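Data block below; observations after.
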Amino acid sequence: MKQFKTESKKLLDLMINSIYTNKEIFLRELISNASDALDKLSFEAIKNPDLGVDQSTLAIRLSFDKEARSVTVSDNGIGMTKAELDENLGTIAHSGSEQFREANADRQGEDIDIIGQFGVGFYSSFMVATKVRVVSRALGADEAFVWESDGVRGYSIEPAGEGERSGAEEHGTDVILFLRESSESDDTDQYLSEGGLRDLVTRYSNYVRHPIQMMVTKSRQKPKPEDAPDDYKPEYEDYQELDTLNSMTPIWKKRQSEVKQEDYNEFYQSTFHDWSDPARTVSFHAEGALSYDALLFIPSRRPFDLYSKDYEKGLALYSSNVLIQEKCADLVPDYYNFVHGVVDSPDVSLNISRETLQQNSQLRAIARRVEKKIHSELEDMRDNDRESYETFFENFGRGIKFGIYNSYGMKAADLADLLLFWSAQEGKQVTFAEYADAMPEGQDKIYFAAGDSRERLEQVPAVRSALDHGFDVLLCTQDVDEFMFQVMRSWHQDGTEGDSEHEGAKERDLELANVANADLDFATDDEKAEAEKATSEHQELFDDLKESLGDKVTSVRVAAGLGDAPATIASEGPVSLEMERVISQGPDADAASAPKAQRVLQLNATHPVFAKLVAAKEAGDKDRLALLGSILYDQALLVEGLPVDDPVEFARNVAKLM
Ligand code: ADP
Ligand code: MG
């Protein structure tokens, strides 16, 4: 008897003690494994015609035995060797269950919901069975083996007995479940009937591409005897017949109008291991020189591992009903890495390998269409279902921003209009176009502020000043925002013909400007004139302050329109204060070489504190001037949410002043 690996034990324990109500999903999981095994076999068969596999015989068989309380799922697929039985059924090393392991790593205790959340695969058998027996013969193997377990103590693997897949052509797998006793809360008897099994197949596995067959009992009228009396009543007899229970047409080959959304949802959940319905489903088809069927889903939740390095993007790629690749990455761009789906094309070569995928012009053509479809689906959601779109953007917007950043802005033309930002003025999320449409006459830039929280940004003097002067500000709190703005530089809108809904949009090109940048001010002409006057009158004061602050600032100046703040810190040049902060917190931050923002101390000449500076200067009190300058600088940093260089000195300075 071998022991299960630790993670497997945890999962098994959860399965056996499960009070999960959808225990019936075990059948879907076993059928899906059988179908995978048939896919693998047909792929081998095509690569290697000498194997002599007859594709038309590939099938999944269900049967049950009331006496023995057993249900069997059989396939004549690729089968498993002794080592594979050990590896695949003794450890959690596979997709659905692996997710479970990761999710459970930081979630202690028994969370029954987990079962519904992930495709937990083979082990789900133990929700309904006290013993599971797997008889398998790998393609080309000399013998078959039997794996057996009660799901608790461990498992055993033995050579198969007489008559169990003993012929060389009997490759494939039988999974035999010995069911628990039926109880009121746990009706296992339903699986020991034709109707029960048929029902589960149509519900969960209808679109499996391989036939799911079962011997069923049917009734027919006996032929009427020649010498039948006049009052002959027809007689009936039972007979057995192999029935195919599923519709078999892959769901992606059907037109969207012919499929119920429920069926798409079911397919989506079981295939892509998500427990919620997709936000959007898109099916499209091409015929002609390049034909294909495609089915795409935009998830409504973010997978917990989206940002982990293990996350694999891609669509399943089929050719003439053979699965070529489970995750063909070339079919979706990185910024749409959340999209799940299937592409099936008879025109894609079966022998396509990972290396040649990129050079394959058919695939590239399909990928372009996939991208367009996703894009227009997102636009539709943005324009017609804003609430769902906001959720979508919350989940996946960051990746789209990275798409712009990583393409050095080249993708901005496609992606910028999918972005949403928090508008300080409106108090809700807006697109660039919505921002631009609401701009007052004379505004020629899109203003944004970047920082770690909206609440803090709303208090920043530059933002308040912009708002006071009637300019809206986009409040950006994601690390990628400013970097993306920097590669974009401006937001461009093509001119469009007016349609019934929108007035013909004019062509626009608006610079993206950080409100904290020293080049900006929102002052009125009067305020500016006042500031200029102060600048020319007090040049020496600024020089002294600059000297006392040393390297901390590149210059000291008066700025107009700072409202009630005595001073602010602004930045000059390519690196803003927020970028400096993000970079310094990055994983490979190196304090010495990290780029620094060039800081400018901006003074408010209308604030009473300014008069104190002037007085100190006039009194020739250099120490006092330096003290005031240092405190103003540190205060301004604190208001921006930046750390002061030396908190001890700051405290000492404030004490001195008091
Ligand atoms: P997953 O299907 O997500 O990989 P499962 O727990 O359902 O995880 O199955 C574990 C593994 O066991 C599969 O990946 C496959 O290698 C193997 N397996 C299960 N059932 C069969 C089968 N009927 N034929 C061949 N291999 C199988
Ligand atoms: Mg599985």
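The values are calculated or read from the model by the stated rules, or taken from the named source; none is laboratory data. What you are looking at is a predicted structure, and each value in this text was computed from that prediction instead of being measured. Every residue, glycine among them, receives a Cβ derived from its backbone with ideal geometry; neighbour counts consider all protein chains shown. Heavy atoms of the whole protein, side chains included, go into the accessibility calculation; ligands, DNA and RNA do not. Shrake-Rupley method; radii C 1.70, N 1.55, O 1.52, S 1.80 Å.
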Item checked: Rounded tilt (10° steps) of 386-406 against the dominant C-alpha axis of the chain -> 70
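Looking at the chain, send over the antiparallel percent of its DSSP beta bridges, to the nearest 5.
Values: 71 of 89 bridges.
Here the share of antiparallel DSSP bridges comes out near 80 percent.
Over the chain, what is the relative contact order in whole percent, taking alpha-carbon pairs under 8 Å and six or more residues apart?
On the way: 1104 pairs, mean separation 50.0, N = 658.
Relative contact order here is 8 percent.
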Next item on the list: Compute the long axis of helix 622-639 from its Cα atoms, compare it with the longest principal axis of the Cα atoms of the chain, and write down the angle in degrees, 0 to 90, nearest 10.
Entry: 20
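If we sort 326-339, 150-163 on the protection proxy, mean other Cβ atoms within 10 Å, highest first, what's the order? Before the final figure, lay out the partial values.
On the way: 326-339: 19.9, 150-163: 13.2.
With the highest mean Cβ count within 10 Å placed first, the list reads 326-339, 150-163.
Assuming R0 = 30 Å, what is the FRET efficiency of Lys622 and Lys596, from their Cβ-Cβ distance, to the nearest 0.05?
Working: r = 27 Å, r/R0 = 0.91.
Rounded to the nearest 0.05, the efficiency is 0.65.
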Next item on the list: Mind checking the per residue accessible area of the chain for me, 1.4 Å probe, whole number of Å²?
Entry: 50
Notebook entry, point to check: Given a 1.4 Å probe and every protein chain left where it sits, what share in percent of the accessible area of the chain is carbon and sulfur?
Noted result: 46
Next item on the list: Rounded, prolate or oblate: pick one for the chain, where a ≥ b ≥ c are the square roots of the eigenvalues of its C-alpha gyration tensor, a/c under 1.5 means rounded, and failing that, prolate if a/b is larger than b/c, else oblate.
Entry: prolate
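Could you pull out the pairs from Lys254/Lys372; Lys47/Lys253; Lys313/Lys506; Lys253/Lys428; Lys327/Lys445; Lys253/Lys309 whose alpha carbons sit more than 31 Å apart here? List each step's numbers first, then the result.
Values: Lys254/Lys372 21 Å; Lys47/Lys253 25 Å; Lys313/Lys506 37 Å; Lys253/Lys428 41 Å; Lys327/Lys445 42 Å; Lys253/Lys309 33 Å.
Those over the limit are Lys313/Lys506; Lys253/Lys428; Lys327/Lys445; Lys253/Lys309.
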Margin query: If amide hydrogens are placed 1.01 Å from N in the peptide plane, which non-local residues have theirs closer than 5 Å to the one on Ile324?
Written below: Leu317, Tyr318, Ser319
Margin query: With angles folded into 0 to 90 degrees, how steeply does helix 525-537 sit against the dominant principal axis of the chain? Use alpha carbons for both and round to 10.
Written below: 60
Notebook entry, point to check: Between Asp142 and Glu87, what is the label-to-label distance in nm when each label sits 7 Å out along the Cα-to-Cβ direction?
Noted result: 2.0
Note to self: I want the antiparallel fraction of DSSP beta bridges within the range 251-384, as a percent rounded to 5.
What the structure shows: 85
Checklist line | Phi to ³J(HN,Hα) by Karplus 6.51 cos²θ - 1.76 cosθ + 1.60 over the range 476-481, Hz, x for Gly, Pro | finding: 10, 10, 9, 3, 7, 3
Notebook entry, point to check: Hey, what do the phi angles of the range 173-190 turn into as Karplus ³J(HN,Hα) couplings, whole Hz, using 6.51/-1.76/1.60 and θ = phi - 60°, x for Gly and Pro?
Noted result: 9, 10, 10, 10, 9, 9, 6, 5, 5, 6, 9, 4, 7, 9, 7, 7, 4, 4
Item checked: trypsin sites (Lys or Arg not before Pro) within the range 410-477, DSSP loop, no more than 16 other Cβ atoms inside 10 Å -> none
